[in-house]
């Protein structure tokens, strides 16, 4: 698993773009060899922190594409600040990444 | 991060840091809105999430392709000039469970989000914006074609 | 239908109609199956094997072993015909491709 | 009588010249065909395949390329390429003189080995010569390393050389493969990607062959992962119901060599995303 992110200062707003590595199984697909349904498995929540404070959070269902992409804008962080991004999936697996505002 | 490369002291201080974080687990991972994600209709999911019936608004800007290049990755952008937005959510009418994602905005956040979603068939995509106790929506159709060739 | 293939199918028909002993029938099936398999390998060697031939021949053997003789023979003749056609395609394309070159 | 023999010889010469034209004039004819068929496409844009043809698709593709799903594969490839230490203590950098900028040097014809050497072949040759197991050719780690190397050759010009009898022979074999019908559906590469390029097969638009190799490896949404050019060849074969060949088989390598030569002068732009 991995989380990649870019945070870029545009005027007084920071544009954050994040890519999370995850299969995002819908629970609707059928395994071609066994004929059994592949159970749903997806990221449920992802949160962005700045100085330990939550600045943005998202809830995902299985309809978000494989390797989810997320883009959002926040006001407050300055160039050089670090944003911490954390995700958790439906099996309770967590992942995280730090990005520096450029 | 490779823990084996860290000195014992660094590792310990890391665990101490993680420990400090773990006292606020509810803030880290608030409850995933299961009932909304399990709803089978857009309006049911909206009322599960926000306890409100939606109203259409041209102040909600929903950008989706008219024809999806690929149903597995449909780019969606939602933005609005409405003030004090607390939450934005995206729905695919034709999916078995329409709610795809919700975005919870803190006062730091600007009401402009983008993601990529899966669509099984041609259907309406709905964006909902929750602000000051009201739910505003915008709807647009996205055509999804099924691939013929392409190895 | 090529003369080759027609002959092959007649052989099968005759084989089915004359009441052979079980051993003879088995021997006959094995021989014919091996012939089809050899053709497939010849096509594979020059990169001309078709996608499903191996699967068809494998299923033919499975059906035969499960006692579904008619089904087995029908698959076998299908697999044989595919390999035969793949080899004919290779022969045709030995020079045939030249007509399509962009000039 | 003499005249007749002479004219027969002349005709043979003429016919064989038409078919066994030299690679350079093949290339000119190939390019001119596509320039004429798609006058509205700027020459340098052929590397973008169907996205050079269809604007709606291009917009969505560009949005995805802004933060493409192969970004993670590139990072993984970077670690694999730079941090792998072979059992004899050496590393990939001992095999690739241009380091991460090596992709631009492939494919080429190796006279001593009498074979086409592709980037993926070179990666595995490097491993094997240093006592490691080769990687699988169509997907996984090799595609990740290839993606990392492709990224650092973006913008480089494709400049494949075909000279000398053995190289021309490999080129001719690749050309023959390209133009030969195969599979139960009896299709050649040329049937879909030349005269029919730009047309639709149900919801798909057929891509022009010019520029076909520039963007590999690709992350295909159909695959949900990154894969090599030879994985794509396998998909094409399978689609016309021909049995796919092994990755790095002589025929696939020769085909890559031929296609790369046809795209000479265009820029490398891999890795990329494709439907």
Practice item. Work out, step by step, the length gained on full extension between residue D:246 and residue D:55: first 0.36 nm times the residue separation, then minus their alpha carbon distance; give nm to one decimal. Key: 65.2 nm
Practice item. Would you mind checking the tilt of helix D:23-37 against the longest principal axis of the Cα atoms of chain D, expressed as 0 to 90 degrees and rounded to 10? Key: 90
Check your understanding: So, in nm, how far is label residue B:106 from label residue C:62 when the simple model puts each one 7 Å beyond its Cα toward the Cβ?
Key -> 5.7
**Study point:** Equivalent-ellipsoid semi-axes of segment D:71-151, from the Cα gyration tensor, Å, largest first
**Key:** 19, 16, 12
Study note, to complete from the structure: For chain D, longest principal axis from Cα atoms; helix D:229-239 axis from its Cα atoms; angle between them, nearest 10 degrees, is 60
Check your understanding: Dimensions of segment B:53-100 along principal axes (Cα, Å, largest first)?
Key -> 33, 21, 17
Review point. Hey, fewest Cβ within 10 Å first, where do D:204, C:103, D:132 land in order?
Key: C:103, D:132, D:204
Point to revise | Ranked list, fewest to most other Cβ atoms within 10 Å of each Cβ, for B:62, C:76 | key: B:62, C:76
Point to revise | Förster radius 30 Å - calculated FRET efficiency between residue D:65 and residue B:57, Cβ distance, rounded to 0.05 | key: 0.40
Review point. In nm, to one decimal, how far is the modelled label at residue A:28 from the one at residue D:24, with both set 7 Å along Cα→Cβ?
Key: 5.7
Practice item. For segment D:92-138, count the residues as N, evaluate 2.2 N^0.38 Å, and divide the Cα radius of gyration by that value, please. Key: 1.12
Review point. Give or take rounding to whole Å, what are the principal axis extents of the alpha carbon atoms in segment C:37-93, in descending order?
Key: 39, 16, 15
**Study point:** Relative contact order, percent, segment D:71-151 [alpha-carbon distance under 8 Å, six or more residues apart]
**Key:** 42
Exercise for review: Give me A:101, A:79 ranked fewest to most by other Cβ atoms within 10 Å of their Cβ, as a rough exposure proxy.
Suggested key: A:79, A:101
Check your understanding: Once every DSSP H run of n ≥ 4 in chain D is given -39500 (n - 2.57) and the sum is divided by its residues, what mean residue ellipticity at 222 nm do you get, rounded to the nearest 500 deg cm²/dmol?
Key -> -14000 deg cm²/dmol
Check your understanding: What is the helix-to-structure angle for D:165-179, meaning the angle in degrees between its Cα long axis and the longest Cα principal axis of chain D, kept from 0 to 90 and rounded to the nearest 10?
Key -> 90
**Study point:** Antiparallel bridge percentage (DSSP; both residues within the protein assembly as shown; nearest 5)
**Key:** 90
Review point. In chain D, what % of DSSP beta bridges are antiparallel (nearest 5)?
Key: 80
Revision key, fill the gap. Square roots of five times the C-alpha gyration tensor eigenvalues of segment A:27-97, ordered largest first and given in whole Å, equal 32, 11, 9
Exercise for review: Compute the Kirkwood hydrodynamic radius of chain D, taking the inverse of the mean of 1/r over all pairs of distinct Cα atoms, and give it in Å to one decimal.
Suggested key: 19.8
Review point. Based on the Kirkwood radius over alpha-carbon pairs, what value in µm²/s does the Stokes-Einstein equation return for the translational diffusion coefficient of the protein assembly as shown at 25 °C and 0.890 mPa s?
Key: 87
Practice item. Sorted from largest down, give the three principal axis spans of the alpha carbons of segment B:31-144, whole angstrom values. Key: 35, 27, 24
Review point. Ranked highest first by the average count of other Cβ atoms within 10 Å around their residues, in what order do D:207-214, D:76-83 fall?
Key: D:207-214, D:76-83
Study note, to complete from the structure: Between residue B:84 and residue D:75, the FRET efficiency computed from the C-beta separation at R0 = 41 Å comes out, to the nearest 0.05, as 0.60
Revision key, fill the gap. Expressed in nanometres to one decimal, the distance between label points 7 Å along Cα→Cβ at residue C:42 and residue D:98 is 4.5
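Each reported figure results from applying straightforward, stated rules to the coordinates on display, with no laboratory input. Since the structure is predicted, the reported quantities are computational estimates derived from the model, not experimental observations. No Cβ is skipped: glycine too gets one built from the backbone with ideal geometry, and neighbour counts run over all protein chains shown.
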